[in-house]
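Worksheet for the structure shown next.
The values are calculated or read from the model by the stated rules, or taken from the named source; none is laboratory data. Keep in mind it's a predicted model, so treat the numbers as computed, not measured. FYI the Cβ positions are ideal-geometry reconstructions off the backbone, even for glycines, and counts take in every protein chain you see.
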Amino acid sequence: MSLRFWKLDGAGNDFVLLEKASVKGAASRLAKTLCDRRHGIGADGLLVVDRKRKTLDYYNADGSAAFCGNGSRCAAVWLYEQGEGDGREIGFRGSAGAIVARILGPGRAAVRMPPARFIKELELSTAARRWRASLWDTGVPHLVVEVASLRDAPVETEGRALRYHKALGRAGANVDFIVPLRRRGIGIRTYERGVEAETAACGTGAVAAALAAERLGHSTFPVSVLPRHGERLGVFREGGDVWLQGPAKIVFKGELA
(Lines give C-alpha, C1' and ligand atoms only; values in the text may rest on other atoms or scores of the structure.)
Protein backbone atom coordinates (compact mmCIF):
# COMPACT_ATOMS: atom_id res chain seq x y z
CA MET A 1 0.00 0.00 0.00
CA SER A 2 1.45 3.36 -1.02
CA LEU A 3 1.64 6.34 1.33
CA ARG A 4 0.72 9.72 -0.11
CA PHE A 5 2.56 12.69 1.38
CA TRP A 6 3.19 16.40 0.89
CA LYS A 7 6.43 18.28 1.56
CA LEU A 8 5.91 21.77 3.00
CA ASP A 9 8.18 24.68 3.87
CA GLY A 10 7.64 27.53 6.32
CA ALA A 11 10.43 30.11 6.22
CA GLY A 12 13.03 27.37 6.23
CA ASN A 13 11.34 24.87 8.53
CA ASP A 14 10.42 21.87 6.41
CA PHE A 15 7.75 19.28 7.09
CA VAL A 16 6.19 16.10 5.79
CA LEU A 17 2.39 16.14 5.90
CA LEU A 18 0.16 13.06 5.96
CA GLU A 19 -3.57 12.63 6.22
CA LYS A 20 -4.60 10.78 9.38
CA ALA A 21 -6.47 8.09 7.45
CA SER A 22 -3.25 6.97 5.78
CA VAL A 23 -1.30 6.57 9.02
CA LYS A 24 -1.07 2.98 10.17
CA GLY A 25 0.60 2.31 13.50
CA ALA A 26 2.36 4.84 15.70
CA ALA A 27 2.86 8.22 14.04
CA SER A 28 5.87 8.86 16.29
CA ARG A 29 7.76 5.95 14.74
CA LEU A 30 6.71 7.06 11.28
CA ALA A 31 8.06 10.54 12.00
CA LYS A 32 11.53 9.11 12.69
CA THR A 33 11.48 7.21 9.40
CA LEU A 34 10.07 9.91 7.14
CA CYS A 35 12.05 12.82 8.61
CA ASP A 36 15.42 11.06 8.28
CA ARG A 37 17.43 13.20 5.84
CA ARG A 38 19.54 10.31 4.54
CA HIS A 39 17.10 7.41 4.38
CA GLY A 40 13.69 9.11 4.34
CA ILE A 41 12.05 12.16 2.80
CA GLY A 42 13.86 14.50 5.14
CA ALA A 43 12.19 17.11 7.36
CA ASP A 44 12.25 18.88 10.71
CA GLY A 45 8.96 17.26 11.63
CA LEU A 46 5.80 15.39 10.66
CA LEU A 47 2.33 16.96 10.39
CA VAL A 48 -0.67 14.59 10.64
CA VAL A 49 -3.98 16.21 9.65
CA ASP A 50 -7.43 14.77 10.22
CA ARG A 51 -9.74 16.79 7.98
CA LYS A 52 -12.90 15.14 9.33
CA ARG A 53 -12.16 15.84 12.99
CA LYS A 54 -10.26 19.05 12.21
CA THR A 55 -7.17 18.10 14.19
CA LEU A 56 -3.44 18.55 13.69
CA ASP A 57 -0.80 16.43 15.39
CA TYR A 58 2.86 17.37 15.15
CA TYR A 59 5.92 15.19 15.77
CA ASN A 60 9.52 16.30 15.83
CA ALA A 61 12.06 14.40 13.74
CA ASP A 62 12.91 12.25 16.79
CA GLY A 63 9.25 11.22 17.16
CA SER A 64 8.42 13.41 20.16
CA ALA A 65 5.05 15.18 20.08
CA ALA A 66 5.01 18.99 20.31
CA PHE A 67 3.39 22.20 19.12
CA CYS A 68 4.92 23.88 16.05
CA GLY A 69 4.16 27.44 14.96
CA ASN A 70 5.57 27.22 11.44
CA GLY A 71 4.12 23.74 11.04
CA SER A 72 0.67 25.04 11.98
CA ARG A 73 0.97 27.79 9.37
CA CYS A 74 1.99 25.25 6.73
CA ALA A 75 -0.88 22.93 7.66
CA ALA A 76 -3.28 25.86 7.30
CA VAL A 77 -2.02 26.55 3.77
CA TRP A 78 -2.43 22.87 2.89
CA LEU A 79 -5.97 22.79 4.33
CA TYR A 80 -6.86 25.93 2.40
CA GLU A 81 -5.59 24.33 -0.81
CA GLN A 82 -7.89 21.36 -0.10
CA GLY A 83 -10.88 23.68 0.15
CA GLU A 84 -11.15 23.62 3.93
CA GLY A 85 -11.90 26.57 6.20
CA ASP A 86 -14.28 29.50 6.27
CA GLY A 87 -13.02 31.83 3.57
CA ARG A 88 -9.42 32.58 4.45
CA GLU A 89 -9.69 31.55 8.11
CA ILE A 90 -8.81 28.00 9.11
CA GLY A 91 -9.64 26.44 12.48
CA PHE A 92 -8.38 23.15 13.90
CA ARG A 93 -7.19 21.62 17.16
CA GLY A 94 -3.65 20.69 18.14
CA SER A 95 -1.63 19.75 21.19
CA ALA A 96 -1.79 23.35 22.44
CA GLY A 97 -5.58 23.56 22.05
CA ALA A 98 -7.64 25.45 19.50
CA ILE A 99 -5.62 26.83 16.59
CA VAL A 100 -6.79 29.66 14.36
CA ALA A 101 -4.88 30.48 11.19
CA ARG A 102 -5.36 32.99 8.39
CA ILE A 103 -4.34 32.81 4.78
CA LEU A 104 -2.76 36.20 4.02
CA GLY A 105 -2.16 35.64 0.33
CA PRO A 106 -0.38 33.21 -1.99
CA GLY A 107 2.20 31.34 0.07
CA ARG A 108 1.66 33.37 3.26
CA ALA A 109 -0.19 32.51 6.46
CA ALA A 110 -0.50 33.62 10.07
CA VAL A 111 -1.36 31.57 13.15
CA ARG A 112 -2.65 32.67 16.53
CA MET A 113 -0.13 31.35 19.01
CA PRO A 114 -0.91 29.69 22.35
CA PRO A 115 -0.81 32.13 25.28
CA ALA A 116 2.88 32.94 25.85
CA ARG A 117 4.33 32.90 29.35
CA PHE A 118 7.50 34.42 30.73
CA ILE A 119 8.89 31.95 33.26
CA LYS A 120 12.05 33.45 34.74
CA GLU A 121 15.50 34.97 34.27
CA LEU A 122 18.43 32.58 34.62
CA GLU A 123 22.19 32.55 34.89
CA LEU A 124 23.50 29.24 33.59
CA SER A 125 27.04 27.90 33.49
CA THR A 126 28.37 25.46 30.90
CA ALA A 127 31.88 24.07 30.57
CA ALA A 128 32.71 26.96 28.23
CA ARG A 129 31.13 30.04 29.83
CA ARG A 130 28.36 31.64 31.86
CA TRP A 131 25.13 32.77 30.21
CA ARG A 132 22.36 35.18 31.17
CA ALA A 133 19.07 34.04 29.69
CA SER A 134 15.30 34.24 29.91
CA LEU A 135 13.00 31.23 29.84
CA TRP A 136 9.68 31.39 27.99
CA ASP A 137 6.80 29.08 27.11
CA THR A 138 5.39 29.84 23.64
CA GLY A 139 3.68 26.49 23.20
CA VAL A 140 7.00 24.78 23.93
CA PRO A 141 9.83 25.99 26.22
CA HIS A 142 12.48 28.36 24.85
CA LEU A 143 15.64 29.64 26.48
CA VAL A 144 16.61 32.99 24.92
CA VAL A 145 20.17 34.33 25.16
CA GLU A 146 21.51 37.54 23.66
CA VAL A 147 24.83 37.41 21.82
CA ALA A 148 27.07 40.01 20.19
CA SER A 149 27.19 38.24 16.82
CA LEU A 150 24.98 35.58 15.27
CA ARG A 151 27.74 34.61 12.87
CA ASP A 152 29.99 33.65 15.77
CA ALA A 153 27.25 32.25 18.01
CA PRO A 154 28.19 28.74 19.26
CA VAL A 155 24.79 27.29 18.34
CA GLU A 156 25.77 23.66 17.95
CA THR A 157 28.07 23.44 20.98
CA GLU A 158 26.60 25.81 23.56
CA GLY A 159 23.10 25.36 22.16
CA ARG A 160 23.33 21.65 22.90
CA ALA A 161 24.84 22.25 26.34
CA LEU A 162 22.12 24.71 27.32
CA ARG A 163 19.33 22.63 25.79
CA TYR A 164 20.16 19.82 28.25
CA HIS A 165 21.09 22.04 31.22
CA LYS A 166 19.96 20.53 34.51
CA ALA A 167 18.31 23.82 35.53
CA LEU A 168 15.75 23.33 32.73
CA GLY A 169 14.54 19.97 34.02
CA ARG A 170 14.31 16.66 32.26
CA ALA A 171 12.51 17.97 29.16
CA GLY A 172 15.04 20.76 28.58
CA ALA A 173 14.26 23.58 26.16
CA ASN A 174 14.91 24.96 22.71
CA VAL A 175 17.72 27.54 22.75
CA ASP A 176 17.51 30.81 20.81
CA PHE A 177 20.52 33.06 20.22
CA ILE A 178 19.38 36.58 19.35
CA VAL A 179 20.79 39.97 18.33
CA PRO A 180 18.87 43.24 17.88
CA LEU A 181 18.68 44.53 14.31
CA ARG A 182 17.64 47.89 12.93
CA ARG A 183 14.01 48.96 12.67
CA ARG A 184 12.56 46.83 15.47
CA GLY A 185 14.08 43.66 14.06
CA ILE A 186 15.65 40.64 15.73
CA GLY A 187 18.10 38.15 14.26
CA ILE A 188 17.86 34.60 15.56
CA ARG A 189 19.50 31.19 15.38
CA THR A 190 17.86 28.25 17.13
CA TYR A 191 19.07 24.93 18.49
CA GLU A 192 15.87 22.91 18.40
CA ARG A 193 15.04 20.02 20.69
CA GLY A 194 13.43 17.09 18.94
CA VAL A 195 15.68 17.75 15.97
CA GLU A 196 18.75 18.03 18.23
CA ALA A 197 20.50 20.42 15.89
CA GLU A 198 20.22 23.94 14.56
CA THR A 199 17.22 24.45 12.30
CA ALA A 200 16.88 27.02 9.53
CA ALA A 201 13.93 28.64 11.33
CA CYS A 202 11.66 28.14 14.34
CA GLY A 203 8.25 29.76 14.72
CA THR A 204 7.83 29.32 18.48
CA GLY A 205 11.42 30.52 18.80
CA ALA A 206 10.65 33.64 16.78
CA VAL A 207 7.82 34.46 19.18
CA ALA A 208 10.04 33.86 22.21
CA ALA A 209 12.74 36.06 20.66
CA ALA A 210 10.26 38.88 19.98
CA LEU A 211 8.93 38.78 23.54
CA ALA A 212 12.43 38.63 25.01
CA ALA A 213 13.55 41.55 22.82
CA GLU A 214 10.59 43.59 24.02
CA ARG A 215 11.45 42.77 27.63
CA LEU A 216 15.05 43.82 27.04
CA GLY A 217 13.96 47.09 25.46
CA HIS A 218 15.35 46.25 22.02
CA SER A 219 12.08 46.21 20.14
CA THR A 220 8.37 46.98 20.21
CA PHE A 221 5.58 45.09 18.48
CA PRO A 222 5.17 44.27 15.65
CA VAL A 223 8.59 42.60 15.46
CA SER A 224 10.38 41.39 12.33
CA VAL A 225 12.39 38.24 13.07
CA LEU A 226 15.15 37.12 10.71
CA PRO A 227 16.06 33.42 11.06
CA ARG A 228 19.11 31.74 9.57
CA HIS A 229 17.21 30.78 6.42
CA GLY A 230 16.73 34.44 5.48
CA GLU A 231 12.94 34.60 5.04
CA ARG A 232 11.50 36.95 7.65
CA LEU A 233 8.81 36.04 10.13
CA GLY A 234 6.52 38.62 11.69
CA VAL A 235 5.26 38.59 15.28
CA PHE A 236 2.38 40.90 16.11
CA ARG A 237 -0.34 41.40 18.69
CA GLU A 238 -4.05 41.49 18.04
CA GLY A 239 -6.06 42.21 21.14
CA GLY A 240 -4.55 40.00 23.82
CA ASP A 241 -3.24 37.42 21.34
CA VAL A 242 0.17 37.01 19.75
CA TRP A 243 0.29 36.00 16.08
CA LEU A 244 3.07 34.56 13.93
CA GLN A 245 3.07 35.30 10.20
CA GLY A 246 5.33 34.51 7.27
CA PRO A 247 5.86 32.37 4.17
CA ALA A 248 4.37 28.88 3.99
CA LYS A 249 4.17 26.74 0.89
CA ILE A 250 3.63 23.29 -0.52
CA VAL A 251 6.92 22.26 -2.14
CA PHE A 252 5.90 18.96 -3.71
CA LYS A 253 3.78 15.86 -3.20
CA GLY A 254 4.55 12.22 -3.75
CA GLU A 255 3.94 8.62 -2.80
CA LEU A 256 6.04 6.09 -0.95
CA ALA A 257 5.66 2.47 -1.95
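Of note:
- Single residue of the stretch 86-112 satisfying the filter (more than 18 Å from residue 193 (Cβ to Cβ) and not in a strand (DSSP E or B)) that is modelled with the lowest pLDDT: 87
- The listed residue being basic (Lys, Arg), free of Cβ contacts under 8 Å to residues at least 60 places away in the same chain and in a loop (DSSP other than H, G, I, E, B), out of 32, 24: 24
- The listed residues are 62, 57, 9, and the only one of them that is in a loop (DSSP other than H, G, I, E, B), acidic (Asp, Glu) and at pLDDT 95 or above turns out to be 62.
- Counting only residues that are free of Cβ contacts under 8 Å to residues at least 60 places away in the same chain and among the acidic types (Asp, Glu), the stretch 201-237 holds 1 of them.
- Selection within the stretch 198-207 - assigned to a helix (DSSP H, G or I) and under 17 Å from residue 158 (Cβ atoms): 205
- Condition check for residue 15: in a strand (DSSP E or B) and farther than 19 Å from residue 190 by Cβ: no
- Residue in the stretch 157-164 that is touching a strand residue (DSSP E or B) at 6+ places or on another chain (Cβ under 7 Å) and in contact (Cβ under 8 Å) with a residue 60 or more places away in the chain present: no
- When each of 175, 195, 225 is tested for being part of a loop (DSSP other than H, G, I, E, B), among the β-branched types (Val, Ile, Thr), surrounded by 15 or more Cβ atoms within 10 Å (Cβ to Cβ) and not assigned by TED's automatic domain parsing to the domain that holds residue 89, the lone residue that passes is 195.
To keep it simple, each residue is scored yes or no on (1) in contact with a strand residue (DSSP E or B) (Cβ under 7 Å, 6 or more places away or on another chain); (2) under 30 Å from residue 34 (Cβ atoms); (3) not polar (S, T, N, Q); (4) not in a strand (DSSP E or B).
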| position | (1), (2), (3), (4) |
| --- | --- |
| 213 | yes, no, yes, yes |
| 221 | yes, no, yes, yes |
| 234 | yes, yes, yes, no |
| 242 | yes, no, yes, no |
| 245 | yes, yes, no, no |
| 254 | yes, yes, yes, no |
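- In the stretch 61-84, the qualifying residues are those that are among the polar types (S, T, N, Q) and buried (at least 24 other Cβ atoms within 10 Å of the Cβ), and the one that is nearest to residue 206 (Cα to Cα) is 70.
- Single match in 143, 122, 162 (criterion: farther than 27 Å from residue 245 by Cα, part of a strand (DSSP E or B), hydrophobic (A, V, I, L, M, F, W, C) and assigned by TED's automatic domain parsing to the domain that holds residue 219): 122
- Qualifying residue in the stretch 24-41 (condition: of a type in the set (D, E, K, R) and crowded, with 20+ Cβ neighbours inside 10 Å): no
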